[in-house]
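Inspection log for the structure reproduced underneath, given as structure tokens.
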């Protein structure tokens, strides 16, 4: 893909904001009005209000980052000043930016947030039809204590845990998670303790969750989509964790790499209503020992375009740099 400065060619960007170190002085959401006043001043009043409605300050910070990233993408990737980046929702309630002069979407974007991270994938300057994007980030440790407790106290154990979420998975995925994933991915369990076994299964569970969410968001639908159980990722594999936070996932050049050790997964057998999906490009990559991020892109009118795009590592943005850019481009 071209760089964002080249307005003549399609541009694909993947950005992350890590809100965990933001505004440590703010222990309550209302305190963000003071400590995050510079960032909040860059948002429309309705968006500021939505940020400050969150009870937990960690959730408010992720909401703030989500709003900032969307406006940043529009101004960075289109000739639109920050003050004119009005975000609305389409018929499926997905946030969009429509060029007021053409009524078209000059940039297609999707945002996700989990456990302090906020990620955006966007495509701009694509002139051969529609470009669809989807992204989802998961953290296997955020609810680890709760998940372990549910599994250990359920008489049915792990299968019971999977059944609790069976209505958002395909039937084949449920069976695979319950009974086959450990034998299909022999390197998934990293130790011999009982909790290591559970952690391995949970990693597969959250990997599937991220893949499905990214695909569903690509379509503009939500988890209430009536076709949800007709979508299946067949015999999927989660990526292996990276050694530590901040250590990039290992990029393997060989398409036939042993996926038991791969930290980035790019090959998926996706089925919708029994038919193989061949027009969506996806990537699932590890970020540290706990996080995984799934990305999906599609160009329905010319499927070969999206299939040729590179879904590489995400670029981490710094808050101050983003705010400086916004203020300079109002």
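The values are calculated or read from the model by the stated rules, or taken from the named source; none is laboratory data. Model, not experiment: these values are computed from the prediction. Cβ atoms come from the backbone with ideal geometry, glycine included; neighbour counts cover every protein chain shown.
Side notes on the structure shown:
- Extreme residue, surrounded by the fewest Cβ atoms within 10 Å (Cβ to Cβ), among residues of the range 252-269 that are at pLDDT 85 or above and either out of contact with any strand residue (DSSP E or B) (no Cβ under 6 Å at 6 or more places or on another chain) or within 16 Å of residue 140 (Cβ to Cβ) (or both): 261
- Inter-residue pairs, beta-carbon under 6 Å, first at pLDDT 95 or above and in the range 32-48, second loosely packed, with under 13 Cβ neighbours inside 10 Å, 6+ apart: 35/25
- Tally of residues being surrounded by 18 or more Cβ atoms within 10 Å (Cβ to Cβ) and in a loop (DSSP other than H, G, I, E, B) across the range 9-25: 4
A quick yes/no check of all residues on (1) buried (at least 16 other Cβ atoms within 10 Å of the Cβ); (2) in contact with a strand residue (DSSP E or B) (Cβ under 6 Å, 6 or more places away or on another chain):
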{"site": "103", "(1), (2)": "no, no"}
{"site": "109", "(1), (2)": "yes, yes"}
{"site": "116", "(1), (2)": "yes, no"}
{"site": "120", "(1), (2)": "yes, yes"}
{"site": "125", "(1), (2)": "yes, yes"}
{"site": "131", "(1), (2)": "yes, yes"}
{"site": "135", "(1), (2)": "yes, yes"}
{"site": "140", "(1), (2)": "yes, no"}
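- Counting only residues that are in a loop (DSSP other than H, G, I, E, B) and surrounded by fewer than 16 Cβ atoms within 10 Å (Cβ to Cβ), the range 26-56 holds 7 of them.
- For the range 120-140, the condition holds for at least one residue, the condition being that it is in contact (Cβ under 8 Å) with a residue 40 or more places away in the chain, over 26 Å from residue 305 (Cβ atoms) and in a loop (DSSP other than H, G, I, E, B).
- Some residue of the range 230-239 being at pLDDT 95 or above, touching a helix residue (DSSP H, G or I) at 6+ places or on another chain (Cβ under 6 Å) and in a strand (DSSP E or B): yes
- Number of the exception - residue 111 against (1) within 26 Å of residue 31 (Cβ to Cβ); (2) part of a helix (DSSP H, G or I); (3) touching a helix residue (DSSP H, G or I) at 6+ places or on another chain (Cβ under 7 Å): (2)
- Qualifying residue in the range 175-192 (condition: without any contact (Cβ under 8 Å) to a residue 40 or more places away in the chain, crowded, with 20+ Cβ neighbours inside 10 Å and over 18 Å from residue 133 (Cβ atoms)): yes
- Annotation note: of 163, 199, 145, 154, the sole residue that is more than 16 Å from residue 284 (Cβ to Cβ), free of Cβ contacts under 8 Å to residues at least 60 places away in the same chain and buried (at least 19 other Cβ atoms within 10 Å of the Cβ) is 199.
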